[in-house]
Amino acid sequence: PCLGGRWSDFAARLAFDGEGAGLVAGATWSSDFPATAGGAVPASTDGGGFVAKLNDDLTTLIQATYIVDGSAAHTGVGGTSAKDMAVHPDGSIFVTGSTIATNLPGVAGGLQTEPGSIFVARYDGGLRALIQSTYLGGWGSPGNLSNGASAIALDGEGNVFVAGDVASKDFPGTSGGAQPVHAPDGGIADAFVAKLTPSLRRYDATLKAVEYHHAGFDHYFVTADADEIAGLDAHVYPPYQGANWERTGQSFDVLGQAST
């Protein structure tokens, strides 16, 4: 079937979810792209990237969503474009592509909240809710916005791999990588591969794990959960053999996700 609104619409990727429904991602100039009402981003004055879900025989458009509301930023086909997507075993849908929009929704708490020309977004399986999105990378070299993502895949643990091209010299997370710096005299752009957490959320490196000892049990226990630490310190748990959990004085820095 045809898919789109009154202006130009372009499909870049086709995939299927676990129930056989068809998923289409791409870019559109249309502000009236069909079936976006009720979607994660239901309206966009200037079009932009889109994701749409159809039934298994492609006779019904179930739901669609824009990537970003173009009414508040320059988007359109040249501004925000979905290039690839992958379906998580839980049914959620990961989408990646390129953008010049500075109002990408759902980036709060994301791996990168500062605008960049690559985006990664995670939607629920019905495309009605945006779970999390993040920018990735910068804006490219001066006068050049060639940073872009063209492929996305998930491994067996749900980790997200994104690939594309990058012109910026300060692409994040490359320290210790197979090639940590932009190739000298390598042309305008290099290829990149990035591995992201399934939650697309940043890590909180300020967490502290605290060690406790219980003389009654003669057991040690370590936790970084703030509520649990508060409860143990307040002795909210009944004593056993006349003893409570007590701090040993040992604590550890831990690298943990701010949320999942």
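The values are calculated or read from the model by the stated rules, or taken from the named source; none is laboratory data. These numbers were taken from a predicted model, which means no experiment stands behind them. Because the Cβ atoms are built from the backbone with ideal geometry, glycine has one as well, and the counts that use them run over all protein chains shown. Ligands, DNA and RNA are excluded from the accessible area calculation, which covers all protein heavy atoms including side chains. Shrake-Rupley method; radii C 1.70, N 1.55, O 1.52, S 1.80 Å.
Filtering the stretch 128-145 to residues that are open to solvent by less than 40 Å² (accessible area, probe 1.4 Å) and either β-branched (Val, Ile, Thr) or at pLDDT below 60 (or both) leaves Thr134, Gly140, Ser141, Asn144. Just one residue in the set Ala40, Ala25, Ala15, Ala52 is open to solvent by less than 60 Å² (accessible area, probe 1.4 Å), part of a loop (DSSP other than H, G, I, E, B), touching a strand residue (DSSP E or B) at 6+ places or on another chain (Cβ under 7 Å) and closer than 20 Å to Gly91 by Cα; that residue is Ala40. Contact map, the stretch 217-236: first residue in contact (Cβ under 8 Å) with a residue 12 or more places away in the chain and farther than 11 Å from Arg247 by Cβ, second residue of a type in the set (Lys, Arg) and in a strand (DSSP E or B), Cβ cut-off under 6 Å, separation 6 or more or different chains; the map is empty. When Asp225, Asp218, Asp170 are screened for being open to solvent by 30 Å² or more (accessible area, probe 1.4 Å) and at pLDDT 90 or above, only Asp218 passes. Counting only residues that are surrounded by fewer than 22 Cβ atoms within 10 Å (Cβ to Cβ) and more than 18 Å from Asn159 (Cβ to Cβ), the stretch 110-127 holds 6 of them. Is it the case that Pro89 is open to solvent by 20 Å² or more (accessible area, probe 1.4 Å), at pLDDT 85 or above and either more than 21 Å from Val68 (Cα to Cα) or touching a Lys or Arg at 6+ places or on another chain (Cβ under 9 Å) (or both)? So Pro89 passes the test.
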